[in-house]
Amino acid sequence: NRPQDVIGLHFFAPANVMSLLEIVRGAKTANDVIATSMAMAKTIRKMGVLVRVCFGFVGNRMFFPYVREAQRMMLEGVAPERIDRVAYEWGMAMGPHGVSDLSGLDVLNKVNKEWTEKPNDPAYCRMIDVLVEKGRYGQKTGAGIYKYEGRNAVPDPEVAALTKAEAARLDVPQLDISDEEIIERLLYSMINEGALILEEGIAYRSSDIDIVFCHGYGMPRYRGGPMQYADAVGLDKVVAAMEKYRKRYGDLYWKPAPLLAKLAASGQSFAQWSSAKR
(Lines give C-alpha, C1' and ligand atoms only; values in the text may rest on other atoms or scores of the structure.)
Protein backbone atom coordinates (compact mmCIF):
# COMPACT_ATOMS: atom_id res chain seq x y z
CA ASN A 1 0.00 0.00 0.00
CA ARG A 2 3.04 2.33 0.06
CA PRO A 3 4.69 1.96 -3.38
CA GLN A 4 6.74 5.08 -2.75
CA ASP A 5 8.59 3.19 0.00
CA VAL A 6 9.43 0.11 -2.08
CA ILE A 7 12.97 -0.36 -3.38
CA GLY A 8 15.12 -3.35 -4.32
CA LEU A 9 18.65 -4.04 -3.07
CA HIS A 10 20.39 -6.62 -5.28
CA PHE A 11 23.59 -7.86 -3.66
CA PHE A 12 26.10 -9.88 -5.67
CA ALA A 13 27.34 -13.25 -4.48
CA PRO A 14 29.27 -13.73 -2.34
CA ALA A 15 27.77 -10.64 -0.72
CA ASN A 16 30.52 -10.36 1.90
CA VAL A 17 33.14 -10.07 -0.88
CA MET A 18 31.54 -8.40 -3.91
CA SER A 19 31.32 -4.62 -3.74
CA LEU A 20 28.44 -4.06 -6.16
CA LEU A 21 24.92 -3.27 -5.01
CA GLU A 22 22.25 -2.69 -7.66
CA ILE A 23 19.66 -0.34 -6.14
CA VAL A 24 16.42 -1.00 -8.01
CA ARG A 25 13.86 1.77 -8.03
CA GLY A 26 10.21 1.02 -8.71
CA ALA A 27 7.89 3.18 -10.81
CA LYS A 28 6.80 5.15 -7.74
CA THR A 29 9.84 4.95 -5.42
CA ALA A 30 10.29 8.25 -3.58
CA ASN A 31 13.49 10.28 -3.85
CA ASP A 32 14.17 10.11 -0.10
CA VAL A 33 14.05 6.30 -0.24
CA ILE A 34 16.54 6.31 -3.13
CA ALA A 35 18.83 8.75 -1.30
CA THR A 36 18.67 6.66 1.90
CA SER A 37 19.52 3.49 -0.02
CA MET A 38 22.49 5.15 -1.75
CA ALA A 39 23.75 6.42 1.61
CA MET A 40 23.30 2.97 3.15
CA ALA A 41 25.39 1.45 0.35
CA LYS A 42 28.27 3.76 1.24
CA THR A 43 27.89 2.99 4.93
CA ILE A 44 28.32 -0.75 4.33
CA ARG A 45 31.13 -0.09 1.81
CA LYS A 46 29.25 -1.12 -1.29
CA MET A 47 29.22 0.54 -4.70
CA GLY A 48 25.56 1.49 -5.19
CA VAL A 49 24.27 1.81 -8.76
CA LEU A 50 20.72 3.02 -9.35
CA VAL A 51 18.77 1.00 -11.93
CA ARG A 52 15.17 0.43 -12.98
CA VAL A 53 13.16 -2.77 -13.20
CA CYS A 54 13.56 -5.36 -15.97
CA PHE A 55 14.32 -9.08 -16.11
CA GLY A 56 17.86 -9.47 -14.80
CA PHE A 57 18.20 -5.74 -14.00
CA VAL A 58 21.39 -4.38 -15.63
CA GLY A 59 24.11 -6.84 -14.69
CA ASN A 60 22.44 -10.19 -15.26
CA ARG A 61 20.53 -8.99 -18.31
CA MET A 62 23.85 -8.17 -19.97
CA PHE A 63 25.50 -11.32 -18.60
CA PHE A 64 22.99 -13.56 -20.41
CA PRO A 65 24.29 -12.70 -23.93
CA TYR A 66 27.86 -13.25 -22.70
CA VAL A 67 26.99 -16.77 -21.52
CA ARG A 68 24.84 -17.36 -24.62
CA GLU A 69 27.76 -16.75 -26.96
CA ALA A 70 30.15 -18.82 -24.84
CA GLN A 71 27.65 -21.68 -24.97
CA ARG A 72 27.08 -21.30 -28.72
CA MET A 73 30.81 -21.36 -29.42
CA MET A 74 31.07 -24.62 -27.46
CA LEU A 75 28.54 -26.14 -29.85
CA GLU A 76 30.51 -24.73 -32.79
CA GLY A 77 33.57 -26.69 -31.71
CA VAL A 78 35.51 -24.28 -29.49
CA ALA A 79 36.76 -25.93 -26.31
CA PRO A 80 35.40 -24.25 -23.16
CA GLU A 81 38.88 -23.96 -21.68
CA ARG A 82 40.03 -22.02 -24.75
CA ILE A 83 37.13 -19.59 -24.50
CA ASP A 84 37.89 -19.06 -20.82
CA ARG A 85 41.61 -18.62 -21.49
CA VAL A 86 40.96 -15.95 -24.14
CA ALA A 87 38.54 -14.10 -21.83
CA TYR A 88 41.05 -14.31 -18.96
CA GLU A 89 43.90 -13.06 -21.13
CA TRP A 90 41.68 -10.15 -22.23
CA GLY A 91 41.37 -9.26 -18.56
CA MET A 92 38.33 -10.98 -17.05
CA ALA A 93 38.84 -12.40 -13.56
CA MET A 94 37.33 -15.70 -14.79
CA GLY A 95 36.10 -17.00 -18.12
CA PRO A 96 32.35 -17.42 -18.80
CA HIS A 97 32.33 -21.20 -18.32
CA GLY A 98 34.23 -21.02 -15.05
CA VAL A 99 31.79 -18.37 -13.82
CA SER A 100 28.82 -20.48 -14.90
CA ASP A 101 30.16 -23.48 -12.96
CA LEU A 102 30.80 -21.28 -9.93
CA SER A 103 27.32 -19.73 -10.04
CA GLY A 104 25.69 -23.12 -10.56
CA LEU A 105 24.41 -24.48 -13.86
CA ASP A 106 21.18 -25.46 -12.09
CA VAL A 107 20.65 -21.79 -11.17
CA LEU A 108 21.21 -20.66 -14.77
CA ASN A 109 18.91 -23.44 -15.98
CA LYS A 110 16.18 -22.31 -13.58
CA VAL A 111 16.54 -18.69 -14.68
CA ASN A 112 16.23 -19.69 -18.33
CA LYS A 113 13.09 -21.71 -17.61
CA GLU A 114 11.49 -18.77 -15.79
CA TRP A 115 12.39 -16.24 -18.50
CA THR A 116 9.11 -15.62 -20.32
CA GLU A 117 10.83 -13.77 -23.20
CA LYS A 118 13.55 -16.37 -23.74
CA PRO A 119 14.65 -16.45 -27.41
CA ASN A 120 12.98 -19.04 -29.62
CA ASP A 121 16.24 -20.83 -30.31
CA PRO A 122 16.73 -24.55 -29.55
CA ALA A 123 20.51 -24.04 -29.31
CA TYR A 124 20.21 -21.26 -26.69
CA CYS A 125 22.40 -22.29 -23.71
CA ARG A 126 21.61 -25.89 -24.63
CA MET A 127 24.68 -27.41 -23.00
CA ILE A 128 23.64 -25.97 -19.64
CA ASP A 129 20.38 -27.93 -19.94
CA VAL A 130 22.18 -31.12 -21.04
CA LEU A 131 24.67 -30.99 -18.16
CA VAL A 132 21.99 -30.19 -15.55
CA GLU A 133 19.97 -33.19 -16.76
CA LYS A 134 23.04 -35.31 -15.96
CA GLY A 135 23.36 -33.84 -12.46
CA ARG A 136 26.41 -31.75 -13.35
CA TYR A 137 25.63 -28.46 -11.60
CA GLY A 138 29.15 -27.04 -11.44
CA GLN A 139 31.67 -26.72 -8.64
CA LYS A 140 29.19 -27.70 -5.93
CA THR A 141 28.72 -31.19 -7.45
CA GLY A 142 32.35 -31.57 -8.54
CA ALA A 143 31.38 -31.51 -12.21
CA GLY A 144 29.77 -29.06 -14.61
CA ILE A 145 31.26 -27.73 -17.82
CA TYR A 146 34.53 -28.80 -16.19
CA LYS A 147 35.24 -31.53 -13.69
CA TYR A 148 36.83 -30.38 -10.44
CA GLU A 149 39.79 -31.56 -8.44
CA GLY A 150 39.15 -29.51 -5.35
CA ARG A 151 38.60 -26.05 -6.85
CA ASN A 152 40.79 -26.72 -9.87
CA ALA A 153 38.84 -26.88 -13.14
CA VAL A 154 39.91 -29.71 -15.44
CA PRO A 155 38.70 -30.15 -19.04
CA ASP A 156 36.41 -33.16 -19.28
CA PRO A 157 36.35 -35.44 -22.37
CA GLU A 158 32.80 -36.48 -21.43
CA VAL A 159 31.60 -32.89 -21.88
CA ALA A 160 33.41 -32.65 -25.21
CA ALA A 161 31.63 -35.80 -26.41
CA LEU A 162 28.24 -34.57 -25.17
CA THR A 163 28.76 -31.23 -26.88
CA LYS A 164 29.73 -32.81 -30.17
CA ALA A 165 26.66 -35.05 -30.10
CA GLU A 166 24.35 -32.16 -29.25
CA ALA A 167 25.82 -30.00 -32.03
CA ALA A 168 25.14 -32.79 -34.50
CA ARG A 169 21.58 -33.19 -33.23
CA LEU A 170 20.93 -29.45 -33.58
CA ASP A 171 22.77 -29.28 -36.91
CA VAL A 172 25.16 -26.60 -35.58
CA PRO A 173 28.07 -26.17 -38.03
CA GLN A 174 31.61 -26.59 -36.73
CA LEU A 175 33.59 -23.38 -37.27
CA ASP A 176 37.19 -22.24 -37.23
CA ILE A 177 36.90 -19.39 -34.71
CA SER A 178 39.76 -16.99 -33.97
CA ASP A 179 40.62 -15.51 -30.59
CA GLU A 180 39.51 -12.13 -31.97
CA GLU A 181 36.08 -13.52 -32.78
CA ILE A 182 35.77 -15.02 -29.30
CA ILE A 183 36.29 -11.59 -27.73
CA GLU A 184 34.02 -9.84 -30.22
CA ARG A 185 31.16 -12.21 -29.67
CA LEU A 186 31.49 -12.24 -25.88
CA LEU A 187 31.82 -8.47 -25.54
CA TYR A 188 29.84 -7.03 -28.43
CA SER A 189 26.77 -9.08 -27.54
CA MET A 190 26.89 -7.48 -24.08
CA ILE A 191 27.49 -4.01 -25.47
CA ASN A 192 24.45 -4.27 -27.74
CA GLU A 193 22.29 -5.28 -24.78
CA GLY A 194 23.76 -2.35 -22.84
CA ALA A 195 22.65 0.02 -25.61
CA LEU A 196 19.09 -1.33 -25.31
CA ILE A 197 19.25 -0.87 -21.53
CA LEU A 198 20.26 2.78 -21.99
CA GLU A 199 17.50 3.40 -24.54
CA GLU A 200 14.91 1.90 -22.21
CA GLY A 201 16.11 4.00 -19.27
CA ILE A 202 16.96 0.95 -17.16
CA ALA A 203 20.39 2.54 -16.59
CA TYR A 204 20.74 6.31 -16.68
CA ARG A 205 24.25 6.61 -18.13
CA SER A 206 26.80 4.32 -19.73
CA SER A 207 29.26 4.72 -16.86
CA ASP A 208 26.68 3.18 -14.49
CA ILE A 209 26.79 0.02 -16.61
CA ASP A 210 30.59 0.06 -16.55
CA ILE A 211 30.60 0.30 -12.74
CA VAL A 212 28.24 -2.69 -12.55
CA PHE A 213 30.65 -4.84 -14.55
CA CYS A 214 33.87 -3.69 -12.91
CA HIS A 215 32.48 -4.19 -9.40
CA GLY A 216 30.15 -7.16 -9.92
CA TYR A 217 31.52 -9.31 -12.74
CA GLY A 218 35.30 -9.17 -12.56
CA MET A 219 35.77 -6.98 -15.62
CA PRO A 220 39.18 -5.27 -15.50
CA ARG A 221 39.07 -1.60 -14.55
CA TYR A 222 41.74 -0.74 -17.10
CA ARG A 223 39.22 -1.72 -19.81
CA GLY A 224 36.75 0.70 -18.25
CA GLY A 225 33.75 -1.62 -18.47
CA PRO A 226 31.86 -2.80 -21.56
CA MET A 227 30.49 0.55 -22.69
CA GLN A 228 33.79 2.39 -22.24
CA TYR A 229 35.49 -0.47 -24.07
CA ALA A 230 33.05 0.02 -26.95
CA ASP A 231 33.89 3.73 -27.03
CA ALA A 232 37.60 2.90 -27.07
CA VAL A 233 37.22 0.41 -29.93
CA GLY A 234 34.93 2.79 -31.82
CA LEU A 235 31.19 2.24 -32.13
CA ASP A 236 31.47 2.12 -35.92
CA LYS A 237 33.82 -0.87 -35.60
CA VAL A 238 31.49 -2.55 -33.10
CA VAL A 239 28.57 -2.17 -35.51
CA ALA A 240 30.67 -3.42 -38.45
CA ALA A 241 31.56 -6.58 -36.52
CA MET A 242 27.95 -7.08 -35.48
CA GLU A 243 26.81 -6.83 -39.10
CA LYS A 244 29.33 -9.54 -39.94
CA TYR A 245 27.77 -11.88 -37.38
CA ARG A 246 24.28 -10.76 -38.39
CA LYS A 247 24.94 -12.11 -41.89
CA ARG A 248 25.91 -15.45 -40.36
CA TYR A 249 23.24 -15.76 -37.67
CA GLY A 250 20.40 -13.42 -38.64
CA ASP A 251 18.61 -10.69 -36.68
CA LEU A 252 17.71 -12.59 -33.50
CA TYR A 253 20.89 -11.66 -31.61
CA TRP A 254 23.02 -9.51 -33.86
CA LYS A 255 20.81 -6.67 -35.06
CA PRO A 256 22.48 -3.48 -33.71
CA ALA A 257 20.40 -1.65 -31.11
CA PRO A 258 18.95 1.61 -32.50
CA LEU A 259 21.00 3.74 -30.09
CA LEU A 260 24.22 1.92 -30.97
CA ALA A 261 23.54 2.26 -34.70
CA LYS A 262 22.65 5.94 -34.36
CA LEU A 263 25.74 6.83 -32.34
CA ALA A 264 28.01 4.85 -34.68
CA ALA A 265 26.56 6.62 -37.72
CA SER A 266 27.05 10.05 -36.16
CA GLY A 267 30.56 9.35 -34.85
CA GLN A 268 29.49 9.75 -31.22
CA SER A 269 30.27 7.67 -28.16
CA PHE A 270 28.18 6.33 -25.29
CA ALA A 271 30.03 8.74 -22.98
CA GLN A 272 29.04 11.72 -25.12
CA TRP A 273 25.43 10.56 -25.24
CA SER A 274 25.39 10.16 -21.45
CA SER A 275 26.92 13.62 -20.89
CA ALA A 276 24.32 15.23 -23.17
CA LYS A 277 21.54 13.90 -20.88
CA ARG A 278 22.72 15.88 -17.86
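The values are calculated or read from the model by the stated rules, or taken from the named source; none is laboratory data. Keep in mind that this is a model prediction, so the values were computed, not measured. Heads up, the Cβs are rebuilt from the backbone with ideal geometry, glycines too, and the neighbour counts pull from every protein chain shown. These accessible areas exclude ligands, DNA and RNA; they are computed on the full protein's heavy atoms, side chains included. Shrake-Rupley method; radii C 1.70, N 1.55, O 1.52, S 1.80 Å.
Taking the longest Cα principal axis of the chain as reference, the axis of helix 206-216 is set at about 60 degrees. Phi angles of the range 36-46 translate, via the Karplus equation with coefficients 6.51, -1.76, 1.60 and θ = phi - 60°, into HN-Hα couplings of 5, 5, 5, 5, 4, 4, 5, 4, 9, 6, 10 Hz per residue; Gly and Pro are given as x. Structural descriptor for the chain: relative contact order 18 percent, calculated from alpha carbon pairs under 8 angstrom and at least 6 residues apart.
Accessible surface for the chain, divided over its residues, is 49 Å² per residue with a 1.4 Å probe. Inter-part distance, the range 154-228 to the range 62-108, computed on C-alpha centroids, equals 8 Å. Dipole check for the chain: with +1 at the C-beta of Lys and Arg, -1 at the C-beta of Asp and Glu, and the Cα centre as origin, the magnitude is about 740 Debye. Applying the Karplus relation 6.51 cos²θ - 1.76 cosθ + 1.60 with θ = phi - 60° to the range 222-234 yields 3J(HN,Hα) values of 5, 7, x, x, x, 6, 5, 4, 4, 4, 5, 5, x Hz, where x marks Gly and Pro. What the phi angles of the range 76-92 give under the Karplus curve with 6.51, -1.76 and 1.60, with θ = phi - 60°, is a coupling list of 7, x, 8, 4, x, 5, 6, 4, 5, 5, 5, 5, 5, 5, 5, x, 5 Hz, glycine and proline written as x.
Here the chain exposes an accessible surface that is 53 percent carbon and sulfur, computed with a 1.4 Å probe and the other protein chains kept in place. Database remark: amide H of E76 closer than 5 angstrom to no amide H (H placed geometrically; neighbours at sequence offset of 5 or more, or on other chains; Pro and chain starts carry no H). Count the DSSP beta bridges whose two residues both fall in the chain, then state the antiparallel fraction as a percent rounded to the nearest 5. Taking every DSSP beta bridge with both residues in the chain, the antiparallel ones total about 65 percent. Taking every alpha-carbon pair under 8 Å whose residues sit at least 6 apart, the range 6-112 reaches a relative contact order of 17 percent. Close amide H partners of L50, meaning residues 5 or more places away or on another chain with modelled amide H under 5 Å apart, are I23.
The list (i) 1.45; (ii) 0.97; (iii) 1.11 gives values of Rg/Rh (Cα atoms, Kirkwood Rh), and only one came from this structure; which label was calculated from it? After the calculation, the listed value that fits is (ii).
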